[in-house]
1. Which residue, of A71, A17, A64, is in contact with a Pro (Cβ under 7 Å, 6 or more places away or on another chain), touching a residue at least 40 places away in the same chain (Cβ under 8 Å), surrounded by 13 or more Cβ atoms within 10 Å (Cβ to Cβ) and not assigned by TED's automatic domain parsing to the domain that holds T305?
2. Can you pull out the residues in the range 170-213 that are out of contact with any strand residue (DSSP E or B) (no Cβ under 9 Å at 6 or more places or on another chain) and more than 30 Å from R289 (Cβ to Cβ)?
3. Say whether the condition of being assigned to a strand (DSSP E or B) and either under 22 Å from G267 (Cα atoms) or under 21 Å from the mean Cα position of the chain (by Cα) (or both) is met by at least one residue in the range 117-126.
4. Out of D39, D50, D45, which single residue is under 17 Å from A93 (Cα atoms) and among the charged types (D, E, K, R)?
5. Consider only pairs whose beta carbons are under 7 Å apart and that are at least six residues apart or on different chains; among these, list those whose first residue lies in the range 233-250 and is assigned by TED's automatic domain parsing to the domain that holds L186 and surrounded by fewer than 19 Cβ atoms within 10 Å (Cβ to Cβ) and whose second residue is in a helix (DSSP H, G or I) and of a type in the set (V, I, T).
6. Are any residues in the range 254-265 out of contact with any Lys or Arg (no Cβ under 9 Å at 6 or more places or on another chain) and either surrounded by 17 or more Cβ atoms within 10 Å (Cβ to Cβ) or not in a helix (DSSP H, G or I) (or both), and if so, which ones?
7. Among the residues that make up the range 63-82, is at least one of them polar (S, T, N, Q) and either touching an Asp or Glu at 6+ places or on another chain (Cβ under 9 Å) or more than 23 Å from Q142 (Cβ to Cβ) (or both)?
8. Select from the range 266-283 the residues that are touching a strand residue (DSSP E or B) at 6+ places or on another chain (Cβ under 9 Å) and part of a loop (DSSP other than H, G, I, E, B) and write down the one among them that is modelled with the lowest pLDDT.
Amino acid sequence: MTAEKIVVFGYGPTGRALVERLHAKGRAVTVVQRSRPADLAAGADFLRADLLDRDAVLAVTRSASHIAMTAGFVYDRRIWARDWPIAMANLLAAAEATGAKTVFLDNLYMFGPQDGPIAEETPFAPAKGKPAVRVGVTAQWQEAARAGRVRFAALRAPDFYGPGVTNSHLGDMAFGALARGRTAVLVAPADRPHDVAYVPDIGRALETLLDAPDDAYGQAWHMPSAPTRTLREILALGAAAIGVKPRVLAIPLGLLPALGIIQPMFGELAELRFTWDRPYRVDGSKFARRFWGDVTPFEVGAAATARAFAAGAGRVLTPSSAS
């Protein structure tokens, strides 16, 4: 039997969650990105490679039994349009060369504006910008899978949050601000129902798909989330856990294009207003039926996230708030 070798591209919050799960079970895991993470799990292997360099990608995945793609690119539509098709082509080349089970952590931008729960069979909407890029890379892996060249599955997750997740709608500007005794700032409506996934759950789902039988490949799976809440409700749960008042300021969606003139990131977010201008629900029932659906409740996840940010901010928790 071929020795197990799991290669994980990217060591952001989701990659870290996956690696920590695998490493805790004594599984052979190698992290790959352009620079060595300062907080790499003790004992985990590391190899340096650029996803845009096909030879490097093929070299670091040689003899891999499993590949997980959790890496991303700078949040810029021009960079996405230039780099994502290349990265996907290189990932597919590695999957084909090794025969490794390959799981790609994706988002749901390609579906565009939807008024009902987004399921795997929901048609993609006409798209441009970053959503169009996601449509394109989806076509790449689906074509390779249909042709029998790769064992490839996608896990599509909505916006996520969790301990150590700084760059998200519920990251440093939200939970982090509350932990510092400040007002949480949201670049999204505070009171609109919106599905949000907990990063440790995403790590668990990625591991589940890596270990799934072959019939789970060649398709996409939508990440289950806790019952839909608003961002204000989620922040309130975290604020209660650390004993602070949940003050929240939401930037109106209509201001994003104008703010983008001053700060380009707002402009990048403006093209995704369709994910926030209506209730946003993701149908994760297919995954739940096949594997598991006991995701972390917000009462637990929000509290853990707030406490992690509070610890990072040096906030001393009272016994009641730390319970």
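The values are calculated or read from the model by the stated rules, or taken from the named source; none is laboratory data. All values reported here derive from a predicted model rather than from experimental measurement. Cβ: placed from backbone, ideal geometry, glycine included. Neighbour counts: every protein chain shown.
1. Exactly one residue qualifies, and that residue is A17.
2. Once the filter is applied, which keeps residues that are out of contact with any strand residue (DSSP E or B) (no Cβ under 9 Å at 6 or more places or on another chain) and more than 30 Å from R289 (Cβ to Cβ), the range 170-213 yields D172, A179, R180, G181, R182.
3. There is at least one residue in the range 117-126 that is assigned to a strand (DSSP E or B) and either under 22 Å from G267 (Cα atoms) or under 21 Å from the mean Cα position of the chain (by Cα) (or both).
4. One residue alone meets the criteria, D50.
5. Correct list of pairs: empty, since none qualify.
6. Within the range 254-265, L259, Q263 qualify.
7. Yes, that holds for at least one residue.
8. So, considering only residues that are touching a strand residue (DSSP E or B) at 6+ places or on another chain (Cβ under 9 Å) and part of a loop (DSSP other than H, G, I, E, B), the one modelled with the lowest pLDDT is W276.
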